[in-house]
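The values are calculated or read from the model by the stated rules, or taken from the named source; none is laboratory data. Keep in mind that this is a model prediction, so the values were computed, not measured. When we count neighbours, we look across all protein chains shown, and the Cβ atoms used for this are built from the backbone with ideal geometry, even at glycine. For the accessible areas, the whole protein counts, side chains as well, though only heavy atoms, and no ligand, DNA or RNA atoms are used. Shrake-Rupley method; radii C 1.70, N 1.55, O 1.52, S 1.80 Å.
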Amino acid sequence: MSISQTASNTSPTHPLLVNGYALESGTYDEMWHEQTGVRTHWQPFTTAIQEMGSEELERRRQDARLLLRENGVTYNVHGDPDGLHRPWELDPIPLLLHESDWAHIETGLQQRAELFNLILDDLYGPQNLIKQGLLPLELIYNHTGFLRPCRNTKLPVKHQLRIFSADLARGPNGQMWVLRDRTQAPSGMGYALENRTAMARVMPVLFHDCNVRRMADFFRTLQAGLSEIAPRQQSDPRVVMLTPGPYNATYFEHAYLASYLGYTLVQGDDLTVRNGQVWLKSIDGLQPVDIILRRVNDDFCDPLELNEESQLGVAGLLEAVRLGNVAVANPLGSSVLENPGLMAFLPNIARALLMEDLLLPSAATWWCGQTQERKYVLDNLDKLVISPIYQKQGENRVFGALLTQKEREIWRNRILSDPGAYVGQERVSFATAPSLIKGKLEPRYTVLTTFAVSHQNSYAIMPGGLTRTAPERGNFVVSTQTVVRSKDTWVMSEVPESHVSLWKQTEFRATPFGQGTLPSRAAENLFWVGRYTERAEGTIRLLRAVLNKLSDKRDDDNNATRQCRNALLQAFTTVTDTRPGFLGKGAANRLRYPDKEILDVIKNEERLGSLSFTHQSLMQAAFAIRDRWSTDTWRVIDNIENQWSSIQTRSNIDLREVQNALNAVLTGLVAFTGLTQESMTRELGWRLLDTGRRIERSLLQIALLRATLITPYDGFEGQLLQETVLSVMESLITHRRRYRAYLNLQTLIELLLHDETNPRALVYQMNRLNEHIAQLPKLGNHQRLSEPERLMLDASTRLRLSEPEILIQLDAKTLKYEALDQLLAYLETRLQQTSRILTQTYFSHARGVQQLAPTYQEIES
């Protein structure tokens, strides 16, 4: 169907409208009508922002950007120059839709969701649509999303399609058109919710005055609708959200929705199938799973029956679905409905199944598997949008008008070689909506994505959705794979809407799924977040002491100062394990000119043990369990990342500037530790986090003590080194207060090894480790001490029984404190053994065969 376009030279005037808000020729604009000016439902909003002025609007945009950044809202684009975690962009000018306009859209989406549900039910059941000629067999069976093993695996409810999404655009006549249907794992709900949260914060009065319909009831309906499909109809089923992992484009949304809805976020390796039942691998054993809300493409969900190359799914999942022991939403195989070739046949199917015409038409579509339609597409390549019927790596839809003659010929040959794999579609002219550009409003082409969820045999529609706009004026390509802006979508009601809470209102106290249930992968990441945090903090403290000595030029000719400085540099190499560094061949020259080596250990991401490598590992582990951090905790994590970027992105930074920046990073690390200590409940997750911290702190301190104190130094040199060690271990002030002006090795040993009141002492770490390990689930004989308990009891006992007077006795042969060295070496071995056994006992079963690089599907889904 052709959409007529009428030119318009109307140029509305408004203080915020640049160049008179020049409309795109022949395009419908959401805010401006060419005859009457600002549309009625936009007038209160435009009046309000006119009173605000451009400076205030820009300030609120920055407030929203800061809020989104602090909340960790990102979109990952593989190969993007801004990195994996690109900040989410939100335009402070929402898309406004009047309630009467929305009513038509809502009814049309409900109709469309019902239609696609009937098609899905038929394709994996009797296939009457194919038998009656309403759908070509080749269109379905040649589509990779049609999974034959999924036939006759129905959910025990009317609606097989639990979640439906559609991309909408408005044509020049104001009619909403459907550009694309999304059915297998629709994304965008979380981003729409985060946009709404941000806008309600930065424009609270305007949001209230516009009577914007709220979203909480939609998400309550989503929860209730998923509960309906639970096997055996449990009243409180266990639900997990299956994600491809942190490399996925929309991983933030997975973590955010899982946390918001109260579901456990899992990856494929977190689940296993035993005796036809899906189980979650948790730190305290296997836990049954009833419902899987998946964000993994369906053919990747089961490597046993679907895609044997998948590293993202659960072997045997499809068999558990067949047996009715687990429900998956959306059902495996539903990606066949995303075949754009279906659009050519939807009008006839709607009349056959619903006895109705489509309320929301699709863009005119020609499937190239039909002779006449193929000829039309080939004759009009320069006017159509060409799409493969299924996703192919390196092959996406293209706009014929943007292709060169050579590129069109390439596409012509592709179509001729495999006609059934391609469709041609009419290029629908998108409507424009105002966006804030450099303090003024300008029209940008706009696409709206909204969502439907099934509950009690009907579909509920999200009131609003995720609106995306083109990056530049006149650019009609709107895609999340390019630099785009998003908008909140306001459906405006005539009367204020009452607030609806997401919390269930019950007369009894329900026990939430997740209390006491910690997936092994999350447990492992918490453990390593603890270790990497402490490693980064300890490295920075030692590095700061080294830089202080290097910056003190007053005593350059003093031999004791020089020897202390060299000892600290060598200790820095030992503690960070970045040999050769200031040890071994060439060390003398590097000790004389240390700046280059220090900067490399700080900034070299590829160097194991470097501060940059540690920071990168910490951020990866923290992001992998994004759903487990509070908003304030994530703000601290984001601040650490920003402070670190100020170091990493500067190529000409000197050590003085590095020291100032490292102080800011250290402050962030301390704040993160403080928040986790004061805000996390004392459950298994916190215990593993703190266990990692205590093990790493102990190992770092042991390495520092062995590198600096085993060999005696005389006089001022020894005192200077001991004072520095106390400072690095955050115990210098305590020592001065307790021992006044007396500083010797014995008092240092008493404070750093044996003082149970000193949080930096080794015995303090041992006590905490004994407490934490005793609280971990015992997977063997509950009557006996576990192996980690025995190791830590042995280590702490040996430490307690040691006597400072004996530890500081000088060995006559080696002229070293051998007793101290042997004790520290023994404790180090026990700590390393404990860490290894904890990993083998609680984390190793979470690991399967892993690919070294993320898969294409993991990145792009």
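Things worth noting here:
- Qualifying residues in the stretch 541-577 (those that are open to solvent by less than 10 Å² (accessible area, probe 1.4 Å) and in contact with a Phe, Trp or Tyr (Cβ under 8 Å, 6 or more places away or on another chain)) - the one modelled with the lowest pLDDT: Cys564
- Test: residue in the stretch 198-211 that is without any contact (Cβ under 8 Å) to a residue 24 or more places away in the chain, of a type outside the set (Asp, Glu), more than 30 Å from Val495 (Cα to Cα) and open to solvent by 30 Å² or more (accessible area, probe 1.4 Å): no
- Of the helices (runs of 4 or more DSSP H) lying entirely inside the stretch 582-638, those containing at least 2 residues that are open to solvent by 20 Å² or more (accessible area, probe 1.4 Å) and under 30 Å from Val266 (Cβ atoms) span 611-624.
- Qualifying residue in the stretch 171-185 (condition: farther than 24 Å from Asp299 by Cβ, touching a Phe, Trp or Tyr at 6+ places or on another chain (Cβ under 6 Å) and open to solvent by 10 Å² or more (accessible area, probe 1.4 Å)): yes
- Residue that is surrounded by the most Cβ atoms within 10 Å (Cβ to Cβ), among those in the stretch 415-429 that are in contact (Cβ under 8 Å) with a residue 60 or more places away in the chain and of a type in the set (A, V, I, L, M): Val423
- Test: residue in the stretch 550-570 that is in contact with a Ser or Thr (Cβ under 9 Å, 6 or more places away or on another chain), free of Cβ contacts under 8 Å to residues at least 40 places away in the same chain, among the acidic types (Asp, Glu) and under 27 Å from Ser651 (Cβ atoms): yes
- Total residues in the stretch 350-397, condition assigned to a loop (DSSP other than H, G, I, E, B), within 17 Å of Trp411 (Cα to Cα) and touching a strand residue (DSSP E or B) at 6+ places or on another chain (Cβ under 9 Å): 8
- Note on the stretch 760-803: among residues that are closer than 15 Å to Arg697 by Cα and in a loop (DSSP other than H, G, I, E, B), the one that is least open to solvent (accessible area, probe 1.4 Å) is Ala761.
- The lone exception for Leu280 - which of (1) surrounded by 23 or more Cβ atoms within 10 Å (Cβ to Cβ); (2) within 16 Å of Ile625 (Cβ to Cβ) it fails: (1)
- Pair list, Cβ < 6 Å and 6+ apart or interchain, from the stretch 645-670 residues that are surrounded by 14 or more Cβ atoms within 10 Å (Cβ to Cβ) to residues that are among the acidic types (Asp, Glu) and in a helix (DSSP H, G or I): Leu655/Asp595; Leu669/Glu537
- Check on Leu720, part of a helix (DSSP H, G or I), within 25 Å of Gln822 (Cα to Cα) and at pLDDT below 95: yes
- The set of residues in the stretch 426-452 that are in a strand (DSSP E or B), aromatic (Phe, Trp, Tyr) and within 29 Å of Lys383 (Cβ to Cβ) contains only Tyr445.
Rundown of residues vs (1) open to solvent by 60 Å² or more (accessible area, probe 1.4 Å); (2) free of Cβ contacts under 8 Å to residues at least 60 places away in the same chain; (3) within 30 Å of Thr649 (Cα to Cα), yes/no style:
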| position | (1), (2), (3) |
| --- | --- |
| Gly72 | no, no, yes |
| Trp88 | no, no, yes |
| Asp91 | no, no, yes |
| Thr107 | yes, no, no |
| Arg112 | no, no, no |
| Asn117 | no, no, no |
| Asp121 | no, yes, no |
| Gln127 | no, yes, no |
| His143 | no, no, no |
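- Being surrounded by fewer than 24 Cβ atoms within 10 Å (Cβ to Cβ) and within 19 Å of the chain's Cα centre (by Cα) holds for only one residue in Ala258, Ala249, and it is Ala249.
- Among the residues of the stretch 281-321, those that are at pLDDT 95 or above, in contact with a Ser or Thr (Cβ under 9 Å, 6 or more places away or on another chain) and part of a strand (DSSP E or B) comprise Ile291, Arg294.
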